[in-house]
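The values are calculated or read from the model by the stated rules, or taken from the named source; none is laboratory data. Please read these numbers as outputs of a predicted model, since none were measured by experiment. Glycine gets a Cβ as well: all are built from the backbone with ideal geometry, and neighbour counts include every protein chain shown.
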Amino acid sequence: MTTRAKKTAPRSAAPAGVSWVALVAATTLGIAGVQRVRAAVSADPRELGESREGYRLIVQSYAPSSFGSGQLPLGRTRPLASTQLPITAGELARGVAVDVVGLEAAAKPVSEAPVIVAWVERGRADLAFDGFEARPAADAFYGIAPSADPTQVSRTPIVLKRHG
């Protein structure tokens with residue numbers, strides 16, 4: 001009886017923590033990096049009040065240098081990434097898992113973990129550019145937290161509260 005050796009194709013390995021989006025961005029788009037933040041956003045629905053239009057949740061990530069002495073990003077600072085989604089008060093009570101992905105022209109040092117800003121407002125999730133240009137109102141329900149280590153699967157908890 002003859003035994004055949006199984007042929008195996010050579011395998012290339014990507015560094016740990018590299019996603020397929022990062023590989024596509026780097027190889028086809030010329031993008032240096034992909035920044036992903038993961039958040040678990042929640043709020044006490046009793047504080048939100050009623051809304052006939054529903055609610056939209058906006059989650060953005062910012063470079064740590066985007067913040068001055070206040071809690072919100074400075075003036076016209078642009079977020080690194082942004083997303084919006086329609087939600088209900090019940091979903092916020094249970095917690096909403098959100099992933100925000102942004103493409104970077106230059107790779108950022110690992111020491112500069114982005115800061116996550118999330119807020120909820122009345123209305124449909126119909127903002128242009130996925131809420132990229134949106135900013136929370138002074139009296140909005142919002143929360144801010146430094147993002148967790150991007151190589152971990154855990155989500156950064158953010159509890160929305162009324163400020164102002």
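Things to note:
- The C-beta contact set for the range 34-61 (first residue within 15 Å of residue 97 (Cβ to Cβ), second residue among the basic types (Lys, Arg) and surrounded by fewer than 21 Cβ atoms within 10 Å (Cβ to Cβ), distance under 6 angstrom, 6+ apart or interchain) comprises 38/155; 39/155; 40/155.
- The range 84-107: number of residues that are surrounded by fewer than 20 Cβ atoms within 10 Å (Cβ to Cβ) and touching a helix residue (DSSP H, G or I) at 6+ places or on another chain (Cβ under 8 Å): 5
- Residues in the range 146-164 that are at pLDDT 85 or above, surrounded by fewer than 17 Cβ atoms within 10 Å (Cβ to Cβ) and closer than 17 Å to residue 98 by Cβ: 146, 157, 159.
- Search result, residues across the range 63-88 that are out of contact with any strand residue (DSSP E or B) (no Cβ under 7 Å at 6 or more places or on another chain) and among the small types (Gly, Ala, Ser): 63, 65, 68, 69, 70, 75
- When residues of the range 64-81 are limited to those that are touching a Ser or Thr at 6+ places or on another chain (Cβ under 8 Å) and small (Gly, Ala, Ser), the one surrounded by the most Cβ atoms within 10 Å (Cβ to Cβ): 81
- Contacts under 8 angstrom Cβ, first residue in the range 83-96 being under 15 Å from residue 142 (Cα atoms), partner among the aromatic types (Phe, Trp, Tyr), 6 or more apart: 87/55; 89/55; 92/55
- Any hit, the range 63-73, residues being touching a Leu at 6+ places or on another chain (Cβ under 9 Å) and under 18 Å from residue 163 (Cα atoms): yes
- Scope the range 100-120; condition at pLDDT below 90 and under 16 Å from residue 143 (Cα atoms); matching residues: 100, 114
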